[in-house]
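Step one of this worksheet: look at the structure below.
The values are calculated or read from the model by the stated rules, or taken from the named source; none is laboratory data. On a predicted model such as this, the values are computed, not experimentally measured, just so you know. FYI the Cβ positions are ideal-geometry reconstructions off the backbone, even for glycines, and counts take in every protein chain you see.
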């Protein structure tokens, strides 16, 4: 479900943007060495087992279907549809405005809550069963949906059962515009519906392939951590990240909500302040463990990121985020963090050369 989706920005880092220090316009340094932890003797911090013969299970690669393309066509048409509010039950192709709260094991999860959310039923915007579960219900109805996240969803939710409590605010009957070459040319800049659908298929396949790769990476790192014994963490780096993380949320609480951190955590994040700090500690520990592993294997396998690779990889990432240049990207992410992410991709590719991958 693309529930106000919580999406990873850099593949390695579980804490996403909040852990990255603004770079203040600093340029990437001339450096082909593994970044950050390379100066430490990592053998003092962990003992890594046989990383060359990992076995992982992952979901099969998904190929775009014609139905998936047509769902996107429906969504594209609905963006320019005329609407009329109705009091009768919702049907496929109707638009529903709703509030919802999603929980897993009784606990609300990040990105699983929304208000005044619009969805066109049948468009495939949400996970399987969500849109179908609203068919037949009217404005004012409260609906409970017991659903399961796809196995290729984000790792923290993949394959998990969830309960969504939905309040339907409004139901609108949509009068769709005719789907013609003229329509796609006027509204989407494509000469023909065929060209439009080819672009949809291409973008969907890229999305599916990215999800497949992300799942593969997560499984690989999980398997790697299973053969690793961690002795301790680099305390200075841990303290730095902890302070940044707390400062990030404190700033959000004060500047965006006008609240103290404790109040913000309780009302917006739906957790106690102790749970909040415990989660910080757990996530930073996992982040640093994974980062140490990447650095360790890169050193063992003589993997580095050259300046040319950095420039090309950083530009590609910037463009994927809608950022115009590497210089602009470095205003949001430290160059060392970008370099580490590129190194992570190299390490994954190296591990996959000798790993056994079983698709299920």
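A few points about this structure:
- Some residue of the range 297-304 being under 22 Å from the mean Cα position of the chain (by Cα) and closer than 15 Å to residue 344 by Cβ: no
- Any pair with Cβ under 6 angstrom, 6 or more apart, that starts in the range 80-104 at a residue that is closer than 26 Å to residue 154 by Cβ and ends at one that is part of a loop (DSSP other than H, G, I, E, B) and at pLDDT 95 or above: 96/90
- Selected residue (only one of 120, 167 is surrounded by fewer than 16 Cβ atoms within 10 Å (Cβ to Cβ) and either over 27 Å from residue 62 (Cβ atoms) or touching a residue at least 24 places away in the same chain (Cβ under 8 Å) (or both)): 167
- None of 101, 96 is touching a helix residue (DSSP H, G or I) at 6+ places or on another chain (Cβ under 8 Å) and in a strand (DSSP E or B) except 96.
Residue-by-condition table, conditions (1) outside any helix (DSSP H, G or I); (2) crowded, with 18+ Cβ neighbours inside 10 Å:
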site	(1), (2)
150	yes, no
156	yes, no
163	yes, no
184	no, yes
196	no, yes
203	no, no
215	no, yes
221	no, yes
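- The helices (runs of 4 or more DSSP H) found entirely in the range 269-360 that carry 3 or more residues being exposed (fewer than 15 other Cβ atoms within 10 Å of the Cβ) are 273-300, 307-320, 335-354.
- Only one of the listed residues (169, 146) is in contact with a strand residue (DSSP E or B) (Cβ under 9 Å, 6 or more places away or on another chain), within 25 Å of residue 271 (Cβ to Cβ) and at pLDDT 95 or above. That residue is 146.
- The conditions of being in a helix (DSSP H, G or I), surrounded by 15 or more Cβ atoms within 10 Å (Cβ to Cβ) and within 22 Å of the chain's Cα centre (by Cα) are not met by residue 266.
- Applying the set (1) crowded, with 18+ Cβ neighbours inside 10 Å; (2) modelled with pLDDT of 95 or more to residue 138 leaves exactly one unmet item: (1).
- Here residue 153 fulfils each of the conditions (1) within 21 Å of residue 72 (Cβ to Cβ); (2) free of Cβ contacts under 8 Å to residues at least 24 places away in the same chain apart from (2).
- For the criterion of being in contact (Cβ under 8 Å) with a residue 12 or more places away in the chain, in the same structural domain as residue 341 (by TED's automatic domain parsing) and over 24 Å from residue 117 (Cα atoms), residue 219 fails.
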